[in-house]
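The structure appears below as structure tokens.
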Amino acid sequence: MTHKDKKSAAAAKFLDNLTSFLGQDSPSREDLFNDLKASGLDPDQLSNEFRALLSEHAPTWKEKAERERVAALESFSKSSATPRRRGDVEQEIQGVIEAMQQLGATITAGAYHQNFREATDADLESLLDDLAAQYQALKNKKSNE
């Protein structure tokens with residue numbers, strides 16, 4: 001079991017205990033902390049891990065929008081910072097298409113399997129960016145299911 005799995009298991013145990021306590025007559029904060037300490041758990045550490053889990057898995061719309069904005073800026077700065085060879089861009093497009101298909105996405109042949117020789121470098125970069133954004137959205141949707 002990895003360290004991350006252990007942390008997740010501890011957090012899950014904490015959440016189970018918390019849910020159980022809240023379902024009964026609510027114990028005092030001191031009783032809850034004492035019970036956690038008696039179980040060999042650090043209440044402050046669990047609280048921090050719980051907050052981190054909530055932040056990671058249940059962000060508010062503002063946090064989610066900020067993460068998406070930062071990711072888009074990083075993607076933009078990476079794509080404009082270093083020009084890529086045309087052949088590399090074509091291979092990346094094919095790779096993203098294959099990855100999307102592995103996730104079950106249907107790719108419209110007319111839009112994505114055109115003759116790359118007729119497209120400009122800017123068209124290919126734009127297509128790659130569009131596909132990468134669609135792939136990331138699909139990945140996020142699959143991970144939330």
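The values are calculated or read from the model by the stated rules, or taken from the named source; none is laboratory data. Only a predicted model underlies this, so the values are computations on that prediction, with no experimental measurement involved. In this analysis, Cβ positions are derived from the backbone assuming ideal geometry, glycine residues included, and neighbour counts consider all displayed protein chains. These area figures cover heavy atoms from the full protein model, side chains too; ligands, DNA and RNA do not enter into them. Shrake-Rupley method; radii C 1.70, N 1.55, O 1.52, S 1.80 Å.
Summary of values
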{"quantity": "Too-long pairs where the Cα-Cα distance tops 29 Å, listed order kept, from Lys62/Lys139; Lys37/Lys62; Lys13/Lys142", "calculated": "Lys37/Lys62"}
{"quantity": "Packing rank of 30-39, 9-18, where each peptide gets the mean count of other beta carbons within 10 Å, highest leading", "calculated": "9-18, 30-39"}
{"quantity": "Relative packing of peptides 40-46, 122-128 - highest average C-beta neighbours within 10 Å first", "calculated": "122-128, 40-46"}
{"quantity": "Contour minus Cα-Cα distance for Ser126 and Lys64 (0.36 nm per residue)", "calculated": "19.9 nm"}
{"quantity": "List Ile97, Ile107, ordered by accessible area with a 1.4 Å probe, largest first", "calculated": "Ile107, Ile97"}
